[in-house]
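The values are calculated or read from the model by the stated rules, or taken from the named source; none is laboratory data. Only a predicted model underlies this, so the values are computations on that prediction, with no experimental measurement involved. Cβ sites come from the backbone with ideal geometry, for glycine too, and all protein chains shown count toward neighbours. These accessible areas exclude ligands, DNA and RNA; they are computed on the full protein's heavy atoms, side chains included. Shrake-Rupley method; radii C 1.70, N 1.55, O 1.52, S 1.80 Å.
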Amino acid sequence: MADVHPEHAQLQADRIYLGWQYILLHPDPGPPPKRPSPEKEPAPDAESSGRRTAEALRRERLQEDMLNRPVRAIRAISLTMSALILVAAVSGYLGWSFALLGLVAAGGVAGICTYALLQGDRAVRYRVLEQQARDDRQRQERDKELFRAQEEHARRYRDWQESKERHERQLTWYAVAVPDEIDRIDVAGGTLPGWSALITLLGATRLYSGGHLTVLDLSEGAIAKDLIELARKGGDDPLVWVLPVDLPKLDLGATLKPEAFADVLAHVVSVSEEHRTTRDLSFDNAILERVLEVLGENATISQVTAALRALAQVGDPRDDLRFGLITATQLERIGTLFGRGVSDRVVIERAWALESQLRKLETLGTQAVRLPPARLRVVSMDRQAGVFGNRVLGTYVATALTHILRQSPASDRPWYHTIIVAGADKLRGDVLDRLMDACETSRTGLVLTYRSLTPTVKERLGRGHAAVAFMRLGNAEDARVASEHVGTEHRLELAQLTETISDALPGLDGGYTSTISQVDDARHDRGDGHADLVEDITESTEWGRTADKISETERVLHRSREFLVEPHQLQQLPTTSVIVTDATAEGRRVRLADANPAILTFPKTTLGDLEEVREAVLALEAKDEGEEPPPNLGPPPPRLDWRKGRQ
């Protein structure tokens, strides 16, 4: 039969690839059947046959002689008496009448004995011939049985050989994907290397299928570094912002209307105040809206903070006047925005709190430049910056993206633009809710990765039409929640290769290199246009280089182990293992995938789904000897062109 090979399938734009599932549709048939061998007997030639006949005749005669000893003795006695009678008659001691009578009697007894001996001799020969005939028949039966056994062995060996070839030729890694009908993918748990593998795979397949990708990396672990190298190797020029260094050249939110801009800033301030309610946010939003009304259109963060300092009566407003952040007219209007008395003190306190938080964004967009289009954008936080400052910056980027999506028309193609937020548990719940709603409305794909299952995350995990993926969960309580979500009755198969590569993979090192500060030079240093995804993964990613070190014998190992979805097992998952759960028309599916992007380079990996390939294989097996051509799963995948987004 013919197997479905990887070149018969291609990436599909309407699928979100999360890894590969290790399954053996054809188990190992084991060693070949043992060939039947005849009993060790002398060759049936004439000489050996004569020897066997003589030996059998000797044994039979020996046995017959033992039985005929009394008969021979009686015959000898009879012959002796006949001789004595004859001598007596000749000598005249006995009359001839009596002698004749004695001779007749003794001779008769001797004759009878002789006849009996002759009959016994014939019986011996008959038994020998009968034994020979019986041996010949048994030999013929053995020959027939041996012939039938050899024919059966030949048939079984052909079946075994076919099963062995099918087993060796079969695919072992099947794509694990979810349809683009879902709105979101929630990834719970995992390590930074595991996230790096998943984001590299997911991002590469989205770019390969012609989409656009935005990565907001709040993990401070440079998890999209391999994806950036992969895109650059394919000929694209990714845009990478490293905040807060690149904050002056970040123009995100510059085109927002004052009402939306005030909402963004209010949520940024709330990042340090988890207890603040919607009413408190509304109060901050009202203050910011009035300030922006005074400042006018296209107000910058530095102008907003200057106005808040004037409102809070912090510092000397003449300094802000001298730097041109506000005008005298604006300063006068700000002083009359709110009434006097007790409420004034409340406004002053909130204005002071707003200014202290927003001053971290004062340089935002102050050196904005016109950037060329790019299909991959990465906004990351510098790990050397303060934790609180990074949360403020991350909240600003997420909230600004939300407002931009709300103002954008719905895409004709779901997941054409995909947003990945790594470390989404660092954002407030309401910020996540608004981002989810905006992505759903605009049909933008959204991937959220959570390091731990906080109460905020638990409330939102899998909510709506979302797929949920679980990676290694170090915390025992998180592992318990995950096992209950998946269901402990599921038995999953884990490939030994997954554990081998995960153990061999080094940790992440280094950080991002900003492309914004050198954007003009970078435009002239484009990739070489090489656009083969498999080769690019091998050459430009740590995953490909690590997998390439694994020997070929390791790559084709057909060994795996099964485990139940229990908390202690979830705490010991390999780095790249992902348990994917999603709802289908037949019910909820639970699959174990390996998100290692290097698996795409293996010779027995297919981009086809397991169920599709299984149906194709069964259809082929139902045909005569598998001589029919393999099912048409599409043309071979084209070479990757990152710049054109060609499929």
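Looking for something open to solvent by 40 Å² or more (accessible area, probe 1.4 Å), charged (D, E, K, R), at pLDDT below 90 and in a helix (DSSP H, G or I) - is there at least one such residue anywhere in the stretch 576-586? Before you say what the answer is, go through the steps one by one.
Within the stretch 576-586, the subset open to solvent by 40 Å² or more (accessible area, probe 1.4 Å) is 583-586.
When the remaining residues are screened for being charged (D, E, K, R), the result is 586.
Narrowing the set further to residues that are at pLDDT below 90 leaves 586.
Cutting the leftovers down to in a helix (DSSP H, G or I) gives us none.
No: the stretch 576-586 contains no residue that is open to solvent by 40 Å² or more (accessible area, probe 1.4 Å), charged (D, E, K, R), at pLDDT below 90 and in a helix (DSSP H, G or I).
Do you know which of the residues in the stretch 441-456 that are open to solvent by 60 Å² or more (accessible area, probe 1.4 Å), touching a residue at least 12 places away in the same chain (Cβ under 8 Å) and over 21 Å from Leu192 (Cα atoms) is nearest to the chain's Cα centre (by Cα)?
Filtering the stretch 441-456 for residues open to solvent by 60 Å² or more (accessible area, probe 1.4 Å) gives 441, 443, 451, 455.
Checking which are touching a residue at least 12 places away in the same chain (Cβ under 8 Å) leaves us with 441, 443, 451.
Checking the rest, the ones that are also over 21 Å from Leu192 (Cα atoms) come to 441, 443.
Numbers: Thr441: 31, Arg443: 27 Å.
Among residues in the stretch 441-456 that are open to solvent by 60 Å² or more (accessible area, probe 1.4 Å), touching a residue at least 12 places away in the same chain (Cβ under 8 Å) and over 21 Å from Leu192 (Cα atoms), the one nearest to the chain's Cα centre (by Cα) is Arg443.
If only one of Glu459, Glu493, Glu499 is surrounded by fewer than 18 Cβ atoms within 10 Å (Cβ to Cβ), part of a helix (DSSP H, G or I) and not basic (Lys, Arg), which one is it? Talk me through it step by step, then tell me what you get.
On the way: Glu493 fails: part of a helix (DSSP H, G or I); Glu499 fails: surrounded by fewer than 18 Cβ atoms within 10 Å (Cβ to Cβ).
That would be Glu459, the only listed residue that is surrounded by fewer than 18 Cβ atoms within 10 Å (Cβ to Cβ), part of a helix (DSSP H, G or I) and not basic (Lys, Arg).
Looking only at the stretch 293-336, which residues are under 16 Å from Leu361 (Cα atoms), of a type outside the set (Val, Ile, Thr) and not in a loop (DSSP other than H, G, I, E, B)? Full working, then the answer.
Of the residues in the stretch 293-336, the ones under 16 Å from Leu361 (Cα atoms) are 298-309, 325.
So of that shortlist, the ones also of a type outside the set (Val, Ile, Thr) come out as 298-299, 302-303, 306-309, 325.
Ser302, Gln303, Ala306, Ala307, Leu308, Arg309, listed by residue number.
Is it the case that the stretch 407-424 has a residue that's crowded, with 20+ Cβ neighbours inside 10 Å, in contact (Cβ under 8 Å) with a residue 12 or more places away in the chain and assigned to a helix (DSSP H, G or I)?
Checked against the condition, which is being crowded, with 20+ Cβ neighbours inside 10 Å, in contact (Cβ under 8 Å) with a residue 12 or more places away in the chain and assigned to a helix (DSSP H, G or I), the stretch 407-424 yields at least one hit.
Test Arg232 against the criterion of being basic (Lys, Arg), open to solvent by less than 10 Å² (accessible area, probe 1.4 Å) and closer than 23 Å to Leu600 by Cβ, and give yes or no.
Details: basic (Lys, Arg): yes; open to solvent by less than 10 Å² (accessible area, probe 1.4 Å): no; closer than 23 Å to Leu600 by Cβ: yes.
Considered against the rule, which asks whether it is basic (Lys, Arg), open to solvent by less than 10 Å² (accessible area, probe 1.4 Å) and closer than 23 Å to Leu600 by Cβ, Arg232 comes out as no.
Per-residue answers, yes or no, for (1) over 21 Å from the mean Cα position of the chain (by Cα); (2) surrounded by fewer than 18 Cβ atoms within 10 Å (Cβ to Cβ); (3) at pLDDT 65 or above; (4) not aliphatic (A, V, I, L, M):
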{"position": "Glu535", "(1), (2), (3), (4)": "no, yes, yes, yes"}
{"position": "Thr541", "(1), (2), (3), (4)": "no, no, yes, yes"}
{"position": "Lys549", "(1), (2), (3), (4)": "no, yes, no, yes"}
{"position": "Phe563", "(1), (2), (3), (4)": "no, yes, yes, yes"}
{"position": "Pro574", "(1), (2), (3), (4)": "no, no, yes, yes"}
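Take the residues in the stretch 1-20 that are at pLDDT 85 or above, open to solvent by less than 30 Å² (accessible area, probe 1.4 Å) and in contact with an Asp or Glu (Cβ under 9 Å, 6 or more places away or on another chain), then tell me which one is farthest from Tyr174 (Cα to Cα).
Ile16
Would you confirm, using the coordinates I've provided, whether Ile182 is in a helix (DSSP H, G or I), within 30 Å of Ala422 (Cβ to Cβ) and modelled with pLDDT of 90 or more?
On the way: in a helix (DSSP H, G or I): no; within 30 Å of Ala422 (Cβ to Cβ): yes; modelled with pLDDT of 90 or more: yes.
No, not satisfied.
Please work out if Gln161 is closer than 16 Å to Ser37 by Cα and open to solvent by less than 90 Å² (accessible area, probe 1.4 Å).
On the way: closer than 16 Å to Ser37 by Cα: no; open to solvent by less than 90 Å² (accessible area, probe 1.4 Å): yes.
Taking the combined requirement at face value, the residue does not satisfy it.
Considering (1) under 22 Å from Tyr396 (Cα atoms); (2) buried (at least 21 other Cβ atoms within 10 Å of the Cβ), say which one Asp382 fails and leave the rest.
So the condition that Asp382 fails would be (2).
From the list Val124, Val104, Val90, which one is more than 14 Å from Arg72 (Cα to Cα) and open to solvent by less than 70 Å² (accessible area, probe 1.4 Å)?
Working: Val104 fails: open to solvent by less than 70 Å² (accessible area, probe 1.4 Å); Val90 fails: open to solvent by less than 70 Å² (accessible area, probe 1.4 Å).
Result: Val124 is the single residue among Val124, Val104, Val90 that is more than 14 Å from Arg72 (Cα to Cα) and open to solvent by less than 70 Å² (accessible area, probe 1.4 Å).
For Gln170, all conditions in the list (1) open to solvent by less than 20 Å² (accessible area, probe 1.4 Å); (2) at pLDDT below 90; (3) within 28 Å of Leu453 (Cα to Cα) hold save one; what is the number of the exception?
Gln170 satisfies every listed condition except (3).
Which of (1) modelled with pLDDT under 80; (2) in contact with a Lys or Arg (Cβ under 9 Å, 6 or more places away or on another chain) does Asp521 not meet, given it meets every other one?
The single condition Asp521 does not satisfy is (2).
Out of all the residues in the stretch 132-139, is one or more open to solvent by less than 90 Å² (accessible area, probe 1.4 Å), over 29 Å from Met66 (Cα atoms) and touching a residue at least 40 places away in the same chain (Cβ under 8 Å)?
yes
Please identify the pairs in which a residue from the stretch 562-577 that is over 10 Å from Ser483 (Cβ atoms) has its Cβ atom under 7 Å from the Cβ atom of a residue that is open to solvent by less than 40 Å² (accessible area, probe 1.4 Å) and of a type in the set (Val, Ile, Thr), counting only partners at least 6 apart or on another chain.
Pro574/Thr498; Thr575/Thr191; Thr576/Thr498; Ser577/Thr498
Yes/no matrix, rows are residues, columns are (1) out of contact with any strand residue (DSSP E or B) (no Cβ under 7 Å at 6 or more places or on another chain); (2) among the acidic types (Asp, Glu); (3) at pLDDT below 85:
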position	(1), (2), (3)
Asp284	yes, yes, yes
Arg290	yes, no, no
Gly296	yes, no, yes
Ala299	yes, no, yes
Ala306	yes, no, no
Ala312	yes, no, yes
Gly315	yes, no, yes
Asp319	yes, yes, yes
Phe323	yes, no, yes
